[in-house]
Structures are given as C-alpha cells and as structure tokens.
Amino acid sequence: MHLAQSSKDTSGAASSSLSKPNILDTLKLDKALRLAEKKIKEGLLGEAQVIYQDILHKFSKNKKALIGLQLLSTAQEPTNSQLQVTISLFKQRNFQQALANAAQMLKIFPNSVTLHNISGASNASLMQFDAAIESYSQTLKINPNLAEVHYNIGNSYKNKGDLNSAMDSFNRALKIKPDFADAYYNLGIALADSGDLSNAIKNYSEALKIKPNVPEVHYNMGIALSHCNTWEAAIESFKKAVEINPSFTEAYNNMGVALDNKGEYEAAIASYNKAIKTNPNYAEAYCNTGVLEQKYRKYQAAEENYRQAIALKPDYAEAHSNLAITLIAMGKQEDALIVLKSSHELIRGQNPANPFHKSFLTISKAKIDHDIEQFTYLANLGYEVEKFNSLSQLYKQVSLEIDWSDEEIFLLSAKHQHLLKEAYNRPVNISDAPKVMGGALNNTLQTKEITKSYFSHGEGLTYIDDFLTPEALKSLKHFLLGSTIWFEVKKGGYLGAYLSDGLACPLLLQIADNLRKKFPEVFKNHQLNQLWAFKYDSNAHKDNNNLTGIKKHADFAAVNVNFWITPAAANLNPESGGLVVYDSPAPLEWDFKVYNTDVGDEKIIQHLKDNSSGYTRIPYNENRAVIFNSNLIHETDKFEFKQGYENRRINITMLFGLRED
C-alpha cells in the first residue's frame, strides 16, 4: 500500500524515472536532425524513425521531423543512398548483417520489393532456404509478375532438394518471361537431377538459342548427354564449352570421362591432364585418372592419383572409396578398411561433407518402419536401452505425422529433418564383424565339383549350400542386424547398404578374398570391385502395396556372388524367395542405364522374349550362395517371409572384375 500511494503522490518523479530517454536529452535539435539524416543514408531507417519521433514528442510542429517521418512512412522503396550500406554488406558476403539491416528497413518499407529480395538472397546465401523462399514470396505478394523472383524461388527449392517445386517456379518465370535463358538453364538442371534427361537437354537447347555463348550451358548439356551414354555428342558439347572458355577445368575433366567410356585411353588421359594444367588443385581430375588407371589394372598409378586427390581435397569421399577398392586389389585389406572408415565418416559423420545428401532428406514408410524395428531390437538386446527406446518413440511420432498416402519416397519436412537430424541415416550403432580364424568359407565345399557345375551352364552359373562356416555366418548376422547402415531408400521398399558407406568390415573382405582363392578358375584375376547388401520388407507378399524385390537387371561386372543369411525358418515358401537367373545375357552394347534402371525394363523383357530365354530358379535358403556370370539378367524371386525384424530377407552381393573382362 505504501509503495502504491508513493507512486501516485510522486507521479512526476515516477514518470521521469520510468520513461525511455529522448534523443534531445543529449543532443541539440539541429544535431539530432543531422543524425537522423545520417542514419537514413546508412540504411538504419528504424533508428532514424525513432529520432524523428523523439523530436516531435518535444517539438510537435517541427517541419523537418514531420517531413522526414512522412517520407519514411509513405515511400514504397528506400532510395539508392539508403540501400547503399545494405547492398555493400551483401556484396561483401556479410549476409547476416545485410539480413539484419534489411529487416530493420522493412519496418519502414514493408512493401519494398528490393528489401524482400535482399532478404531472400541473404537467406539463400546462408543456406536458409525456407526463409529465403518466404522472403521471395513476400515480394510476389506485392508484385506476382516478377519473373526473376520466381526464378530465385526455384533456385532455393532446387538447393533444398525439392525439385518438383523448383521446376514449377522456373516454369512460372518462363511463362512471364519466355526469353529467360537462365530459367531454361536451371530448369534443365532440375530436370536432369530428377532423372528426366530428355527434357533437360531440350531446356538446355532453348537456353542456347537465346544465349549461345554460355560455356556452363554447353557443359551441362555435355553432362546430360553423358548420362544418356551418347558420348560423341557429349564430347562435342564439352569441346564447345572449352572453345568459349579455354580455362574450363570441369569441362576438360568430364570430356575425359566421355573419352574413357569410348575406350580412348590416351585421349582421356590427355583431357584429364588439361584439366590439371588449368587448375593444378583440381582433385576430381586426379580421381578420374585413378579410375582410368585402375580399369587397366595399373594399380600403383591409380593409388598415387587417388592419394593426390585426397591430399588436395581431404573430404573427397569418392576418392577414398575408389582408393579402397584399389588397395583391396593390391592385397592391402587392412589399409583399405582404414580408408573405407574415413569414407564412411565423411558421408555420415557429425560434420558430413554434404549435409544435404539425398539420404538425409528422403524417407519412406518402409524405411521408417525398419528403423523403428531395428531400434527396438537393439534396445531389447541391452544396447543403450534408453537411447534406442527414445529413438523408437521419436520415429513413431514422426511416422504418425507424415501422410504416407501420396508418394512412395518422401522429402522430409524441415521440422522432421530437425527432429531426426542427429540419428536419421547416421551410424548410431556399428557392430563388429572381424575375420574368423581358419577362413570364412565352409571347408566342406568341393572346389572341383562347384567349378564344374559353374561352367556346365553355358554362361556360368551354380549355387552352393552351407557357404560360410557357422562362426562366420553368426558374426555376419550380428553385424547386419545390429549396424545402422541401411541408408539407401529404394523404390519397392527394400533398403541398401554399401561398401564405402558403412558396410565395410574385415569379415566381408575375408569372404571375398577366400572366394577368389577357393575358385581360381571361376574368378581368374577378377578383383572385388563392389559390395552391397539389401534388406527387404516382409509385407511385400501382401496385396495393394508397392513393396517388391529387385526387378530384372544385370550388374556391371564379370562374376556375381549373391548369398543369403536370414534363417531358413523365416521363409514361408521354401520353393521360392531366392533368385531367378535368365539364360540370356545382356547384349554387350547395352549400357548401365538400359539394363539396370526402370528405363530398360521393357527392353529387357523384349530381349528375353526375342531370345526365348529360359531361366533357372534358385529357391531361398539360409547360407546359400549363387555364383554366376554378372552379365546374366536376373531378378529377385517372389518371396514371403515371416514378420519380425530378424526375419527380414537379407542378401549380400559381391561383384568381381569388369563386364568387358
């Protein structure tokens, strides 16, 4: 009561102590007016507004303050001099401060197209793509017919991985401005990234009709043509790029890739050397030189080039992976495992080389269900129980929030990316799989009989039961069930794990080495060149879902080894569940795209029909290995497995040698 009464009785003193300071308490009127003008020139319009308001609080009819405040409140756009500081900050790449200045000025100029654009560009430069899109969208509320703004939104969507939205924005830009070459160009890039190479090439062509001398467009045209395996046309595009820009390092490098695929070894090496000459620090050219040397079994030269690439670019995951394959071919398995561990850390570690890697951004119902099952499995085994139970609950919550009805593979929302970022597609648990004493292959395997069986098939095919020793099989199950390495989300609901991305372990390399030594007539001098594992969803046999096995395809190698480790009791149909291998090989002129993607499905089916190809069905069995000519077309047989995490069908594939061998 006393304080309340005192406050009321001494209202003047109380008011004085609680009111905020007025600029005129410390500056004379003329200096305050000059300070307001200075703030305006610096782009600090909010501060200028406060100064004018302070002046009018004491001198309500001051004309300069009234005019200044009126100009600030009625202008749509700040003047060039008012924008100068903010634009300079942006050009100096001080994006955070430019963003802060723009935010303050927007309080005075809420309908400023320029300020919203600066905010969008600053956010995009800070890789805050959602905020960038929001800023650009505010611009379109003011004027929806700004082609450049639609274009900027498209680039932000593209950079955050939302290609469909990016393409929509680029198309809106082109509808407003049909001669917008950059929009055609970036639409082409988005189409190429989405796999629509035909339309990507069409859009690059449109861009070149408008601006024929842009080397980057010729370069990306070459990249798209390369992905279509039209090597001659790709080489011509790269040549045009370097004619316009003789210092275009990347164009020389990718021209080398195209020449390599044409079998022109010397020309490819020369092109890689030109890339290095234009930029001695260009790691990619050293890496590609290594790939070429490795292809011709010049392993020492390949190793040197890969190590040079890594020295120049330590976070170059692909160079680490390729180096590891070369070291395996040289018999340096321990060194290879060290390099593969580095590769995995670069892709999946706490600070990944590419935080926007596709696998961090996409998810499927089959994937999230698998991860929930795996976390529960680990918790039940006593592995960090609280941690894995918490992760299981978090994933269940996220799954409930996603509408799974529209697409098979989804782009995670920003909210869900944030919720899952510490664990999603990260190695939160890696189990051990060391070498086993005495060898990993069962010592009861009859080398001569198995070799004879392989060659009795016209193209090369056999299968082996009791493939691994009990110790090796048990260790491999422990590794593949416990390790959170199933990062690749596939259409059809199955998941993939790869040699360079967590699958590498001493035991699997031991199995590959033991195979080559046990069956020298089959494997000859073919070295291991790839290794992966796939895990399948046990709901695949049910009606009305998109869950499948792997479609008809062939693999880019000489010899394929495919073996299964899930308990036989999990297979509900002992007559199927394994592999179907067709007698007719893929024609040698077919490229990877034809026989290993959805694009080639019809062509493969027609080829098998034209050749009246028979087939061999190898039913599923635990610890059964199928060894066959990798060029033979094959597919997963229909399978029906029990529910439950440990009952999921798992196969391991090892590829040896090159297809042309």
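List the trypsin sites (Lys or Arg not before Pro) within the stretch 422-521 that DSSP assigns to loop and that have no more than 14 neighbouring Cβ atoms inside 10 Å. Numbers along the way, then the final one.
On the way: sites: K435, K448, K452, K474, K477, K490, K491, R516, K517, K518; in loops: K435, K490, K491.
Qualifying residues, ordered by number: K491.
Report summary: the helix-based calculation at 222 nm, which adds -39500 (n - 2.57) for every DSSP H run with n ≥ 4 and divides by the residues of the chain, gives -17500 deg cm²/dmol. Solvent-accessible surface of protein heavy atoms, probed at 1.4 angstrom with all chains present, puts D193, D260 in the order D193, D260, largest first.
Straight-line cross-link reach from K518 at under 22 Å between alpha-carbon atoms covers these lysines, not counting any fewer than eight positions away in the same chain: K332, K435, K448, K452, K474.
Protection proxy ranking of 125-131, 285-291, by the mean of other Cβ atoms within 10 Å over each peptide's residues and highest first, is 285-291, 125-131.
For the residue pairs K295/K524; K160/K240; K603/K638, alpha carbon separations beyond 23 Å are given by K160/K240. Label zone (K209, point 7 Å along Cα-to-C-beta; backbone nitrogen cut-off 18 Å) within the stretch 159-195: 171-189.
How much of the accessible area of the chain, probe 1.4 Å, is carbon plus sulfur, in whole percent?
51 percent
Each peptide among 379-392, 301-314 gets the average number of other Cβ atoms lying within 10 Å of its residues, and from highest to lowest they stand as 301-314, 379-392. Ligands, DNA and RNA excluded, the heavy atoms of F455 present near 110 Å² of accessible surface to a 1.4 Å solvent probe.
Which whole-number percent gives the relative contact order of the chain, counting Cα pairs below 8 Å spaced six or more residues apart? Before the final figure, lay out the partial values.
Numbers: 1098 pairs, mean separation 52.0, N = 661.
Worked out over the chain, it gives 8 percent.
Modelled spin-label separation between N145 and E232, with each label point placed 7 Å from Cα along the Cα-to-Cβ direction: 4.8 nm. Fully extending the segment from L66 to I338 would add 90.7 nm, taking 0.36 nm per residue of separation and subtracting the current Cα-Cα distance. Distance between the modelled labels on S81 and K38, one decimal in nanometres: 1.5 nm (7 Å Cα→Cβ projection). When only Cα pairs below 8 angstrom with a gap of at least 6 residues are kept, the stretch 248-398 shows a relative contact order of 12 percent.
Taking a probe of 1.4 Å, how large is the accessible area per residue of the stretch 366-489, in Å²?
51 Å²
A crude spin-label estimate for the pair A311 and N273, with each label 7 Å from Cα along the Cβ direction, gives 1.9 nm. In the complete set of protein chains, residue-level accessible area for D432 is approximately 120 Å², probe 1.4 angstrom.
Note on surface exposure: L572, L327, L400 rank L400, L572, L327 by accessible area, highest first, 1.4 Å probe. Please determine, in degrees from 0 to 90 and to the nearest 10, the orientation of helix 506-518 with respect to the longest principal axis defined by the Cα atoms of the chain, where the helix direction is its Cα long axis. Here the helix axis deviates by roughly 30 degrees.
What is the angle, in °, between the Cα long axis of helix 63-74 and the longest principal axis of the Cα atoms in the chain? Nearest 10 is fine, range 0 to 90. The two axes meet at around 30 degrees.
In the chain, the longest principal axis of the Cα atoms and the axis of helix 129-142 are about 50 degrees apart. Accessible area per residue for the stretch 274-342 is 46 Å², calculated with a 1.4 Å probe on protein heavy atoms, without ligands, DNA or RNA.
Compute the separation of the alpha-carbon centres of the stretch 229-304 and the stretch 395-418 and state it in Å as a whole number. Spelled out, the Cα-based centre of one part sits 41 Å from the other.
Compute, for the stretch 260-371, the length of the dipole vector about the Cα centre, with Cβ point charges of +1 (Lys, Arg) and -1 (Asp, Glu) only. Units Debye, rounded to 20.
Working: 14 positive and 14 negative charges, 35 e Å.
That gives the stretch 260-371 a dipole magnitude of about 160 debye.
In straight-distance terms, cross-link reach from K38 covers every one of the lysines whose alpha-carbon lies under 24 Å from its own, apart from those fewer than eight places away in the same chain; here that gives K20, K28, K58, K61, K63, K64, K91, K107. Within the same chain, lysines fewer than 8 places from K239 are excluded, and of the rest, those with a Cα less than 20 Å from its Cα are K202, K209, K211, K262, K274, K277.
Sort T444, T26, T636 by accessible area with a 1.4 Å probe, largest first. List each step's numbers first, then the result.
Values: T444 85, T26 115, T636 20 Å².
Accessible-area ranking of T444, T26, T636, largest first: T26, T444, T636.
With the gyration tensor restricted to C-alpha atoms of the chain, the semi-axes of the equivalent ellipsoid amount to 59, 32, 23 Å, longest first.
Backbone amide hydrogens, once placed in the peptide plane, bring Y316 within less than 5 Å of nothing, excluding anything fewer than 5 places away on its chain. Its relative contact order, with pairs defined as Cα atoms under 8 Å and 6+ residues apart, puts the stretch 160-266 at 18 percent. For E488, the residues whose amide H sits under 5 Å from its own are G496, ignoring neighbours fewer than 5 places away on the same chain, with H placed 1.01 Å from N.
The values are calculated or read from the model by the stated rules, or taken from the named source; none is laboratory data. It should be emphasised that the depicted structure is a prediction, and the values quoted were computed from it without experimental measurement. Methodologically, a virtual Cβ is constructed for each residue, glycine included, from the backbone with ideal geometry; neighbour enumeration extends over all protein chains shown. In case anyone asks, the SASA skips ligands and DNA or RNA and just uses the protein heavy atoms, side chains included. Shrake-Rupley method; radii C 1.70, N 1.55, O 1.52, S 1.80 Å.
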